[in-house]
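Here is the structure we will look at.
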Amino acid sequence: MKSSGGRMGRAWRSAAAASVVLVSALVVGCTSAPNPTPPPVPTTPIMNTPTPTTTTSVPLTPLQPSGTPRTIQSGLKAPWSMLRLPSGSTLVSERDSGLIREILPDGGSIRDVGTVPGVVHAGEGGLLGLAAPKPLYEGSDPEFVYAYLTTASDNRVVRMKLGGVPGIYRLGPPEKILTGIPKANIHNGGRIAFGPDGMLYITTGDASGHDNAQSLDSLGGKILRLTPTGDVPADNPFPGSPIYSYGHRNPQGLAWDSHGTLWASEFGQNTWDELNIITPGADYGWPIVEGIAHNAKFTDPVYQWRTSDASPSGITIVNDTIFMAGLGGKRLWSIYPTSGGAPVRAIASYVNTLGRLRDVMAVGHDTLWLLTNNTDGRGTPRSGDDRISAVRLSPLDG
């Protein structure tokens, strides 16, 4: 593993080597993915009950998508992530080409910002997540745009200076933030987001190497946490390590609610997809368990879906309502938590209306943008695909 300027270097490897002892008992004899016996299909939602991170005294009105999706932009090629800028422009990553495109504030105009150097597309790899920290001044643009990408040797996170204004945005050369994340044709993770604490959170897949997820000496199958410059925060759960949680298969959604709770969506293998509340230092069980296991060694998801109903990717939260894009499920899920924790209930919308959904983004407090992924090699493209569609949000009925 390498990192920008070698900041994590020996310190991380030493800490990781010591920490891996903590989980060795869990992985002895588990050199390949087991075939766990799935629990029975629930007739009511199965949930765990992690404690909310913080509390809020102001209840927020639950929301639901409503109306017919309206096309904002079409003709995208294997898009993966959307990033809304304070100016009203939206940046979109295209996985296969490594291209970042700008949808101007008017919503109807689109242009190429530039290609991220070093992107090597193979299978599910390429240019994946985009993120930006909170700007220094309200209403101003962030100084940097961050990107998660697959190269010839690894997955990594870089940042690029953002220059210009809407219609003439440009990106500076990439600066390495974190390198050495395992890559493969499948299970590359790739979602990045800045939390309310100002830290950078990164989802990584197990890169089809199932042992990665349980190993604290690997960056695969994890949620990572770094400072914006790529250093390890002093309050991370494993001293000197970027690892924030582990035992993940292929998480691709990150978002925080008003209580400060971090939610993550995760692809299962053949049986259960997951929605998890992320607790620092927790083990989410993969590949030893998939879905809810009721095993005290692992943290269970708060909700699970059959993989044909979800295959979840991006999530966003508005008024403490979680909206989750479904790829294989070809639908949008609206998820209603209680006080930043479990139990939750989930309602599906737009089933088979748009095809595979890769990402969902809030535009203000009354609109969602839905990003399709029908041209990624696994979908069935429709005329105009891929596209971004807008739907309105309204108070939940009942």
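The values are calculated or read from the model by the stated rules, or taken from the named source; none is laboratory data. The shown structure was predicted, so the numbers you read here are calculated from the model rather than taken from an experiment. Here Cβ is always computed from backbone atoms with ideal geometry, including for glycine, and neighbour counts include all displayed protein chains. We work out accessible area using only protein heavy atoms, side chains counted, and drop any ligands, DNA or RNA first. Shrake-Rupley method; radii C 1.70, N 1.55, O 1.52, S 1.80 Å.
Which one is nearest to Ser208 (Cα to Cα), of the residues in the range 108-129 that are surrounded by 17 or more Cβ atoms within 10 Å (Cβ to Cβ), in contact (Cβ under 8 Å) with a residue 60 or more places away in the chain and not acidic (Asp, Glu)? The residue in question is Gly125. Checked against (1) more than 21 Å from Phe267 (Cα to Cα); (2) surrounded by 24 or more Cβ atoms within 10 Å (Cβ to Cβ); (3) of a type outside the set (Gly, Ala, Ser), Arg225 passes all but condition (1). Name the pairs: first residue in the range 140-154 and under 19 Å from Gly189 (Cβ atoms) and assigned to a loop (DSSP other than H, G, I, E, B), second residue modelled with pLDDT under 95 and open to solvent by 10 Å² or more (accessible area, probe 1.4 Å), Cβ to Cβ under 6 Å, at least 6 apart or on different chains? Cβ pairs passing all conditions: none. Selection of first residues in the range 269-285 that are within 23 Å of Pro233 (Cα to Cα) and of second residues that are among the charged types (D, E, K, R) and part of a loop (DSSP other than H, G, I, E, B), restricted to Cβ pairs under 8 Å at least 6 apart or on distinct chains, gives the following pairs, ordered by first then second residue: Asp283/Lys297. Select from the range 298-333 the residues that are surrounded by fewer than 21 Cβ atoms within 10 Å (Cβ to Cβ), outside any loop (DSSP other than H, G, I, E, B) and of a type in the set (Gly, Ala, Ser) and list them in ascending order. Scanning the range 298-333 gives a single hit, Ser308. Among the criteria (1) assigned to a loop (DSSP other than H, G, I, E, B); (2) under 22 Å from Arg378 (Cβ atoms), the one Asp197 does not fulfil is (2). Do we have any residue at all in the range 38-54 that's open to solvent by less than 20 Å² (accessible area, probe 1.4 Å), at pLDDT below 50 and among the hydrophobic types (A, V, I, L, M, F, W, C)? No, the range 38-54 contains no residue that is open to solvent by less than 20 Å² (accessible area, probe 1.4 Å), at pLDDT below 50 and among the hydrophobic types (A, V, I, L, M, F, W, C).
All conditions but one from (1) assigned to a loop (DSSP other than H, G, I, E, B); (2) crowded, with 24+ Cβ neighbours inside 10 Å; (3) not acidic (Asp, Glu) apply to Gln252; the one that does not is (1). The C-beta contact set for the range 66-91 (first residue without any contact (Cβ under 8 Å) to a residue 40 or more places away in the chain and β-branched (Val, Ile, Thr), second residue buried (at least 21 other Cβ atoms within 10 Å of the Cβ) and part of a strand (DSSP E or B), distance under 6 angstrom, 6+ apart or interchain) is empty. Scanning the range 362-375 for residues that are surrounded by fewer than 22 Cβ atoms within 10 Å (Cβ to Cβ) and modelled with pLDDT of 95 or more returns Ala362, Val363, Asp366, Thr367. The residue list Asp197, Asp235, Asp217 contains one member that is free of Cβ contacts under 8 Å to residues at least 60 places away in the same chain and more than 20 Å from the chain's Cα centre (by Cα), which is Asp235. The lone criterion from (1) of a type in the set (A, V, I, L, M); (2) open to solvent by 10 Å² or more (accessible area, probe 1.4 Å); (3) in a loop (DSSP other than H, G, I, E, B) left unmet by Leu219 is number (2). Please determine whether any residue of the range 144-155 is surrounded by fewer than 24 Cβ atoms within 10 Å (Cβ to Cβ) and in contact with a Pro (Cβ under 9 Å, 6 or more places away or on another chain). Yes; the residues of the range 144-155 include at least one that is surrounded by fewer than 24 Cβ atoms within 10 Å (Cβ to Cβ) and in contact with a Pro (Cβ under 9 Å, 6 or more places away or on another chain).
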